[in-house]
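Here's the structure, in structure tokens; my notes come after.
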Amino acid sequence: MSEEPLLEVTDLKKYFPVNAGVLGRHVADVKAVDGVSFSVGKGETLGLVGESGSGKTTIGRLVLKLLPATSGKIAFEGRDISDISARQTRELRRRMQIIFQDPYGSLNPRMTIGEIVSEPLAIHGIAKGRARQERTVELLRMVGLQSSHLNRYPNEFSGGQRQRVGIARALAVEPQFIVCDEPVSALDVSIQAQVLNLLEDLRERLGLTYLFISHDLSVVRHISTRVAVLYLGKIFEIADRSALYEHPLHPYTQALLAAIPVPDPAMQGTQQRVLLSGDVPTAIAPPSGCRFHPRCPFAFDRCSVEEPAMRDAGGGHMVACHAVENGTIR
Amino acid sequence: MALLEVRNLRTTFKTEDGVVTAVNGLSFSLDAGQTLGIVGESGSGKSVTSLSIMRLIDRPGRIEAGEIFFDGRDLLKLGDEEMRRVRGHRIAMIFQDPMTSLNPVLTIGEQIAEVVRLHLGRNHREARETAIEMLRKVRIPSPEKRVDDYPHQFSGGMRQRAMIAMALSCNPQLLIADEPTTALDVTIQAQVLELMNELQRETGAAIILITHDLGVVAETCKDVLVMYGGNMVEYGSAKQIFAEPRMPYTQGLLASLPRLDAPANARLRPIPGQPPNLHRMPPGCAFAPRCAYRLDRCDQPVPVTDLGDGHSARCWRCTETLVPAGAAQ
């Protein structure tokens, strides 16, 4: 990781109010993101993994200012962007963009591919007339599409091709930073690999930085330089890819990795599986202390009382766990 | 004799742009107690195959040709009433989305009890007891209380377990599970797969597991059928399919997976091109337009080649050693 992080998030929180009754009284909060800190260095890909309800998508939206944060600080290129105006936010979007999960819902069906990809150029006044046209074609080529696709509509394309259109649109403003929110989960396996390779090529060629959000640990391992594991709105562990996958410390990370089915029948029975019992609790009333303690095989008294802080377990491998801290897990 | 034998199944759907053939001449058989994984990407025909076996294809869909022998009888020749006695009783099905396949206004217990009353002729009290027993079997905590819960009071994993309880309540000979864990988180998926494996050992039911997830297949199935463009392209034991795939599509599918056991920096080798458009299917091998090894005769219908040991593939070149490097884009 380079010295100056491109993005730095400190103690970020997002609570969604729950209203009930005829008067719509505020009765509780869904603590979707509950005090999350991380940074992304220039040129790196930070993978954000977690199960449903862990807050990974919300974090992506908060960072892009698509959602207002409840509290916390977001700094981009060293500048605090937590409280910037709408106009400044628009300017910011020339530098940070997003690729969405659903290649069907995220493209306007009434716009041609050319209109979709060139719209950001018009909004930000980047190019006009012929220059805009040329730039649009260049963008399509960059993602493996052709100029003959310009006047066609999204419904004529397959999922993988649509996702390429979404990538071209994100690249139009020449951003430095892209939030990739489950960009391949809706795609078939054979197409998923095409899009992952494309994202990697583009990162290298254009010097991009990604925040890569996914529930798929195999995909995240493939594309990320560092990985953060989320659970119920908290980060449990952040480490370099190899450290996290080869030497996971947090019991949740260990269980998550063990739960992935390996596509090799010869491996059957060789891997030790830590089966987690129970379900992910609700984010309205997360468990006391460490929010993983009701499902944790290593939990002891302290875990239900005191929330563990993030600590460096060596070499920048950050983990929030009492059992790791007192040496039960090494 | 095989428990299930599907012969030349052909299922079509009428659409605005003409008739689409979702399953095109599929044949396979399944023995009692066997676990078969049917793998394929979207549009490969895997779900339509399972719905055809259950005879749940409704207009504009139609089973145009073929035979489906189950326990010696052709299901396609049964009357509606007879089929109803097979469905849910001898052959049960679990769907991908437990929320939409459970009735939201009936309690979990009522839904399981209904199946038991209908097929096994139990009275209300007995049926309720069976429901509680089944919920206990799928490890729903305090089943005597949860039996009166409505589906929305269950979490996703619990709902899928309730579906399994319902499906197994009449001791079916065949269980068809269509993407049973796709909507679940991986830690919950692991619980459900473990449970299915255990119940399979206990009841001896044959299972057809339909999925796009090769990892799930490797963990649960002894045999694997790979589908592409509406038909079988390769069949074999899980070992054969994963260790020595013979059909270029199967090879490509395995090579394109990011795997936890591969070097982290290894570049993925995707299959070039797009999945086939069902409206414009190639006349011969459906995979030919994306295949690095295609020959001229691949544009004609391709027969299945028996490779021995129960392994077979629908490919002219499945006996050759193909160099995967050529497949990389």
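Here, each number is a calculation from the coordinates, and none is a lab measurement. Keep in mind that what you see is a predicted model, and the values were worked out from it rather than measured. FYI the Cβ positions are ideal-geometry reconstructions off the backbone, even for glycines, and counts take in every protein chain you see.
Per-structure values
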| quantity | calculated |
| --- | --- |
| Where labels lie 7 Å past Cα in the beta-carbon direction, separation of residue A:111 and residue B:8 in nm | 5.1 |
| Residue B:149-residue A:309 pseudo-label distance in nm [points 7 Å out on the Cα-to-Cβ vector] | 3.8 |
| Compactness relative to 2.2 N^0.38 Å, alpha carbon Rg of segment A:174-250 | 1.14 |
| Fewest-first ranking of B:101, B:142, A:147, B:312, using other Cβ atoms within 10 Å as the exposure measure | B:142, A:147, B:101, B:312 |
| Shape call, segment A:81-221: gyration tensor on alpha carbons, a/c limit 1.5 | oblate |
| For segment B:1-125, with +1 on Lys and Arg beta carbons and -1 on Asp and Glu, the positive-most of B:123, B:83, B:26 along the dipole | B:123 |
| Beta bridge orientation in the protein assembly as shown: antiparallel %, DSSP, nearest 5 | 60 |
| Residues in segment B:229-263 that a label on residue B:305 would reach, taking backbone N under 12 Å of a point 7 Å out along Cα→Cβ | B:246-248 |
| For B:132, B:176, B:241, order by how many other beta-carbon atoms lie within 10 Å, fewest first | B:132, B:176, B:241 |
| Placed amide H near residue A:233: partners under 5 Å, 5+ positions off or other chain | A:55 |
| Considering only segment B:101-252, percent of DSSP beta bridges that pair antiparallel, nearest 5 | 55 |
| Cα centroid separation, segment A:296-330 to segment A:135-171 (Å) | 46 |
| Förster radius 45 Å - calculated FRET efficiency between residue A:147 and residue B:103, Cβ distance, rounded to 0.05 | 0.30 |
| Global geometry of segment B:113-219, whether rounded, prolate or oblate, following the gyration tensor of its Cα atoms and the 1.5 cut on a/c | oblate |
| Förster-model FRET efficiency, 51 Å R0, residue A:302 and residue B:297, C-beta, rounded to 0.05 | 0.15 |
| Burial ordering of A:180, B:170, fewest other beta-carbon atoms within 10 Å first | B:170, A:180 |
| Rounded tilt (10° steps) of A:129-142 against the dominant C-alpha axis of chain A | 50 |
| Rounded, prolate or oblate (a/c below 1.5 giving rounded, otherwise prolate when a/b exceeds b/c) for segment B:55-99 by Cα gyration tensor | oblate |
| Helix runs (DSSP H) in chain B reaching 30 Å along axis by Cα, Kyte-Doolittle at least 1.6 | none |
| Options A:289, A:248, A:265, ranked by Cα towards positive dipole end of segment A:217-330, top entry (Cβ charges) | A:265 |
| Equivalent ellipsoid dimensions for the protein assembly as shown as semi-axes, Å, which come from the Cα gyration tensor, largest first | 41, 34, 24 |
| Mean Cα-pair separation over length for chain B, i.e. relative contact order, pairs under 8 Å, 6 or more apart, % | 19 |
| Cα-Cα over 27 Å, subset of A:56/B:46; A:56/B:222; B:14/B:222; B:77/B:239; A:31/A:73; A:31/B:137 | A:56/B:46; A:56/B:222; B:14/B:222; B:77/B:239; A:31/B:137 |
| For segment A:44-100 versus segment A:194-251, the gap between their alpha-carbon centres in whole angstrom | 17 |
| Simple Cβ-charge dipole of the protein assembly as shown, Lys/Arg +1 and Asp/Glu -1, about Cα centre, in debye nearest 20 | 1200 |
| Cα centroid of segment B:194-248 to Cα centroid of segment B:120-137, whole Å | 32 |
| In degrees, nearest ten, helix A:189-206 long axis to first principal axis of chain A (Cα) | 80 |
| Lys, Arg +1 and Asp, Glu -1 on Cβ, resulting dipole of segment A:166-227 about Cα centre, debye, nearest 20 | 160 |
| Nitroxide proxy distance, nm - points 7 Å out along Cα→Cβ at residue A:87 and residue A:138 | 2.9 |
